[in-house]
Amino acid sequence: MAITDPLRRGTGLVLRNVRTGRFQRSLALATGVGSVITAAEIYLEHDRAGFGNRVMWWPVWLGPVGAVAGVAGALSPRAARTLLPVASASIVANGLQGTWLHVRGIAEKPGGWEMARYNVEMGPPLFAPLLMSFVGGMGLVAAVLRRESPDA
């Protein structure tokens with residue numbers, strides 16, 4: 001019983017923060033930080049691949065856009081309603097596009113999907129673009145959450 005009481009209090013605190021709007025700012029800021037980290041990782045991986053396709057630059061460029069939108073969304077309710085959802089939707093769309101391109105890239109490897117185990121390990125990372133979409137999804141959720149009132 002004593003173990004669940006702190007857990008219940010923690011869960012209650014999280015729910016209270018979501019209901020009162022405190023969570024919206026944190027999630028917007030997490031989107032900004034996640035965008036920078038994700039863009040840096042994507043840059044390193046795409047640089048390793050020699051940026052063989054111009055489309056490989058898009059997620060790198062969207063990183064700073066997501067960072068600015070996330071920080072602006074944390075600081076300004078107006079930016080959270082306007083800039084953050086546009087930037088986040090762009091990040092989600094680009095992540096889904098990247099997933100398709102990575103699936104196609106695996107299929108184009110010798111043996112394609114017939115040698116899935118090898119090609120998924122050695123080819124383009126299959127789930128990395130979905131992680132980028134997840135960062136954008138955080139921004140979309142932050143954009144629709146209730147904002148903390150100034151007197152709270």
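The values are calculated or read from the model by the stated rules, or taken from the named source; none is laboratory data. Note that the coordinates shown come from a computational prediction; the quantities given were computed from them, not determined experimentally. Ideal geometry is used to build each Cβ from the backbone, glycine not excepted, and the neighbour counts take in all protein chains shown. SASA here: full protein model, heavy atoms, side chains in, ligands and nucleic acids out. Shrake-Rupley method; radii C 1.70, N 1.55, O 1.52, S 1.80 Å.
So what's the net charge close to GLN24: Lys and Arg +1, Asp and Glu -1, counting the other residues with Cβ under 10 Å from its Cβ?
+3
So what's the net charge close to GLY73: Lys and Arg +1, Asp and Glu -1, counting the other residues with Cβ under 12 Å from its Cβ?
Local charge sum for GLY73: +4.
Roughly speaking, what is the stretch gain from PHE127 to ALA107, that is 0.36 nm per residue apart minus the C-alpha to C-alpha distance, in nm to one decimal?
5.7 nm
Test of the criteria: in the stretch 54-152, which GluC sites (Glu not before Pro) are in a DSSP loop and have at most 14 other Cβ atoms within 10 angstrom of their Cβ?
Taking the stretch 54-152 and a limit of 14 other Cβ atoms within 10 Å, no loop GluC sites (Glu not before Pro) are found.
Taking 7 Å along the Cα-to-C-beta vector as the label spot, tell me the TRP100-VAL14 distance in nanometres, rounded to one decimal.
In this crude label model, TRP100 to VAL14 measures out at 3.4 nm.
Report, to two decimal places, the Cα Rg of the chain normalised by 2.2 N^0.38 Å (N = number of residues).
Here the answer is 1.27, to two decimals.
So which chymotrypsin sites (Phe, Trp or Tyr not before Pro) in the stretch 21-109 end up in coil per DSSP with only 13 or fewer other C-beta atoms within 10 Å?
Loop-located and lightly packed - PHE51.
Give the distance, in whole Å, between the Cα centre of the stretch 107-138 and the Cα centre of the stretch 12-61.
19
What accessible area per residue, rounded to a whole number of Å², is obtained for the chain using a probe radius of 1.4 Å?
63
Can you sort LEU145, LEU29 by solvent-accessible area, 1.4 Å probe, largest first?
Ranked list, largest accessible area first: LEU29, LEU145.
Mind checking the full-extension length gain between ARG117 and LEU75? Use 0.36 nm per residue of separation minus the Cα-Cα distance, one decimal, nm.
Net length gain for the segment: 10.6 nm.
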